[in-house]
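The values are calculated or read from the model by the stated rules, or taken from the named source; none is laboratory data. Remember, predicted model here, so these are calculated numbers, not experimental data. Backbone-built Cβ (ideal geometry, glycine too); neighbour counts: all protein chains shown.
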Amino acid sequence: MSAKNNHYTLFSKENIVQFLGLVVSFVLIHAFYTLHIRPKAEAVTITQQVLREQDSGREGYVPERNIYIILQNYEQESCFVLLSWAMIIIIFKLYLVYHEKRVMGETFVDIERGERIIPLEALSHSKHLESRLQHNPHLIGKLLPTVVLTALHRFHSTHSIQDVSQAVREISESEADRLDSDLSLVRYIAWAIPSVGFIGTVRGIGEALSQADQAIRGNIQGVTDSLGLAFNSTFVALILSIILMYFIHLLQSRQESLILDVEEYCREKLIAVMKIPYQEETEVTFS
């Protein structure tokens, strides 16, 4: 993942997914609202109006709460568009993590059981791995082979297992920071959803206040409808925000698990089989 040079370019795969995700989310959600939610909400509103007029002589008439009435306004539609957009990004990132973890089952350093890697042989192992990457495009850009290749080069150049361990740790930390920074857009959406809901609340309260004179004269229908907008938008936005935060937490846990798996793989299958010849150890000790 970290080895891709076009990650930060305008037409990178991630940027294209984000843009297309926004377009697809808007088109699908708006079509669903136009063809289903708002017609149903209008039908329910007409039915409630008829029932209200029929029961006008009774006191305490309360219209039945309906899911279409709760969801009908533009603020709720915007919240669903944002949620759908964020979910597309999260699913794409989970897809990337899944393919990164599939690589864990492969062997990138071919050695016999009980054999050790010495610094002079590390270069030949790295060349063999580079040749394998060229013939296996699905491995290019993956995190684990990149870390293994860097570790082999570091072992060949420094003749130090400690330096290899440090290099693996540095790359893992750098990748963890990058993955965390890539979630900035999703976190922004998670913050924007309740904000859009509060916008609906402010709009609804403003409309209710503008109709206060009608409520004083006894017609409170406009005020109640506006207050319904105010509270329904916040209600929907907060629920969607809770749902989105769960999936963000799920994605973060998968990404952290990926980094830990890469470090464990390198410790058990690479660093553990490295060995510095006795002569070099003696030279390092006396120097």
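What are the pairs, 6+ residues apart or on separate chains, where a residue within the range 119-138 that is under 17 Å from Val103 (Cβ atoms) and of a type in the set (Phe, Trp, Tyr) has its Cβ under 7 Å from a residue that is at pLDDT 85 or above and part of a helix (DSSP H, G or I)?
As it stands, the answer is none, since no pair meets every condition given.
Got a number for residues in the range 130-148 being in a helix (DSSP H, G or I) and surrounded by fewer than 20 Cβ atoms within 10 Å (Cβ to Cβ)? Talk me through it step by step, then tell me what you get.
First, pick out the residues of the range 130-148 that are in a helix (DSSP H, G or I): 130-135, 137-139, 143-148.
Pick out the ones that are also surrounded by fewer than 20 Cβ atoms within 10 Å (Cβ to Cβ) and you get 130-135, 137-139.
Of the residues in the range 130-148, 9 are in a helix (DSSP H, G or I) and surrounded by fewer than 20 Cβ atoms within 10 Å (Cβ to Cβ).
When you check His156 against the structure, is it in contact with a strand residue (DSSP E or B) (Cβ under 7 Å, 6 or more places away or on another chain) and surrounded by 17 or more Cβ atoms within 10 Å (Cβ to Cβ), yes or no?
no
What's the number of the condition Arg178 fails, among (1) touching a residue at least 40 places away in the same chain (Cβ under 8 Å); (2) in contact with a helix residue (DSSP H, G or I) (Cβ under 6 Å, 6 or more places away or on another chain)?
Result: Arg178 fails condition (2) only.
Are any residues in the range 159-175 of a type outside the set (Ser, Thr, Tyr) and either over 18 Å from the mean Cα position of the chain (by Cα) or surrounded by fewer than 17 Cβ atoms within 10 Å (Cβ to Cβ) (or both), and if so, which ones?
Here is the first cut: in the range 159-175, the ones of a type outside the set (Ser, Thr, Tyr) are 159, 161-164, 166-171, 173, 175.
Across the range 159-175, the qualifying residues are His159, Ile161, Gln162, Asp163, Val164, Gln166, Ala167, Val168, Arg169, Glu170, Ile171, Glu173.
Counting only residues that are among the β-branched types (Val, Ile, Thr) and part of a helix (DSSP H, G or I), which one in the range 93-116 is nearest to the chain's Cα centre (by Cα)? Give the steps one after another, and end with the answer.
Initial filter on the range 93-116 (among the β-branched types (Val, Ile, Thr)): 97, 103, 107, 109, 111.
Narrowing further to those that are part of a helix (DSSP H, G or I): 97, 103.
Working: Val97: 11, Val103: 21 Å.
Step by step, filter the range 93-116, then rank; the result is Val97.
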